[in-house]
Amino acid sequence: MKGYLHLEDGSKYEGMLEQIGQEEINGEIVFFTGMTGYQEVLTDPSYKNQIVVFTYPLIGNYGVNKSDGESKEPQVKAVVLYECTQEYSHYEAKYSMKEYLQKWNIPILHHIDTRAVVKKIRNHGSMAALITKNTQLNEAPCEMFEDGVFDVASTSIQSHGKGDKHIALIDFGFKKSILTALVNRGCRVTTVPFHMMDQVKQLEPDGILLSNGPGDPEKLKDYLSKIKELAESYPTFGICLGHQLLSLAFGAKTKKLLFGHRGANQPVIDTKTDKVFMTSQNHSYVVMKDSLEKTELAIRFYHINDGSIEGISHKTLPILSAQFHPEAHPGPTDSEWIFDEFLESVTASKGDIAYV
């Protein structure tokens, strides 16, 4: 049947709607520029409450498998694309993308002019959107749904892997591949829901990793003092939302980008080595450069295209962060070495808490 994408600014786009049972679906509309990696995007908790527009015109040609999901189920509110193929070819695939999304009642709006939609988002910015079979609305969508972190974080402390380094992974909606990156490097990892951070010291970790997650970091301001306390006590690494929260905890500020960075070919430079590498990114918010001036934080990485901050380090403490995703999935693995740098700081500091 025909379906319609209505945006906050009043614009409307027509396509074909795979009716999944909901009368209508609303969320924040964003776009992803990668040619592959759709399964990881669909299941990334950072996309909670978002309607994702895929810019590549053909999605689904290698199907969906049982191993590449970043969480146990899709996290997106809906998918907008040009063509969602039923025919797929890959030795690990178990479902077509359409079958997978239908299983979880995720709407698909296809054969829509995605180029026009993306141009609108680039000019106007990310905004509220609504997908419906109704051609007219009484009022434009307006809610932005920026507190999804409370929906995606786990509810209990769990242990994974074995090794001589014990990492507490603070869960704001972590991607499975972050956990895998640590376990594959010989770490014992304890995942701790962010609202249970007060129990971390009892676990006696050697280091802390603050995970990615959805939404506005300032929604979590009540947890900043605890984050700072932990970061001053253990070698700490923050990824994406974790990077933003670390920066806020030490006095920096964040702001929302016009349309965010979402894709697998984002160029970043390391100020320590002057080397440029390609990264996978998915974020709406960034740390404001000027806000770092009166803090003990220094810029470690920044984005080549727009100059935005892509990671910080602390001037005296073993604290490091990345706005991008060094675990990739989807995307290039150029920056996986950052996990090794973090774990080197853990090894150097193990048994030594003189800096607390």
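Taking the Cα centre of the chain as origin, sum charge times position over the Cβ atoms of Lys and Arg (+1) and Asp and Glu (-1), and report the length of that vector in debye to the nearest 20.
Details: 36 positive and 46 negative charges, 22 e Å.
Charge dipole, the chain, about its Cα centre: 100 debye, nearest 20.
How much net charge surrounds L58 when only the other residues with a Cβ under 11 Å from the Cβ of L58 are counted, with Lys and Arg +1 and Asp and Glu -1?
-2
With every atom except the alpha carbons ignored, what do you get for Rg and Dmax of region 57-186, in angstroms?
18.7, 60
Which angle from 0 to 90°, rounded to the nearest 10, does the C-alpha axis of helix 114-124 make with the longest principal axis of the chain?
60
Leaving out ligands, DNA and RNA, what percent of the accessible area of the chain is carbon and sulfur, probe 1.4 Å?
Here it works out to 46 percent.
Roughly how many debye, to the nearest 20, is the charge dipole of region 54-104 about its Cα centre, given +1 on each Lys and Arg Cβ, -1 on each Asp and Glu Cβ, and no other charges?
Its charge dipole is roughly 180 debye.
Report the net charge of residues surrounding L230, where surrounding means a beta-carbon distance below 13 angstrom and charges are Lys +1, Arg +1, Asp -1, Glu -1.
Details: positive: K201, K226, K228; negative: D198, E204, D206, E229, E232.
Its environment carries a net charge of -2.
Around I121, what is the net charge, scoring Lys/Arg as +1 and Asp/Glu as -1 over all other residues with Cβ under 12 Å from its Cβ?
On the way: positive: R115, K119, K120, R122, R262; negative: E8, D9, E28.
That works out to +2.
If you average the alpha carbon positions of region 115-175 and of region 1-19, how far apart do those two centres end up, in angstrom?
Region 115-175 and region 1-19 have Cα centres spaced 20 Å from each other.
So for region 145-234, if I pair up every lysine 8 or more residues apart or on another chain, how many of those pairs have alpha-carbons under 26 Å apart?
Lysine pairs meeting both conditions in region 145-234 amount to 23.
Please state the Cα pair-distance histogram of region 146-255 with 10 angstrom bins from zero: what percent is in each bin?
Binned Cα distances yield the sequence 16, 52, 28, 4.
Whole number in Å², please: accessible area per residue of the chain, 1.4 Å probe, ligands, DNA and RNA not counted. All intermediate terms of the calculation are to be shown ahead of the outcome.
Values: 15160 Å² over 356 residues.
Here the per-residue accessible area is 43 Å².
The values are calculated or read from the model by the stated rules, or taken from the named source; none is laboratory data. Small disclaimer: the values here were computed from a predicted structure and weren't measured. Note that each Cβ is placed from the backbone with ideal geometry, even for glycine, and that neighbours are counted across all protein chains shown. Ligands, DNA and RNA are excluded from the accessible area calculation, which covers all protein heavy atoms including side chains. Shrake-Rupley method; radii C 1.70, N 1.55, O 1.52, S 1.80 Å.
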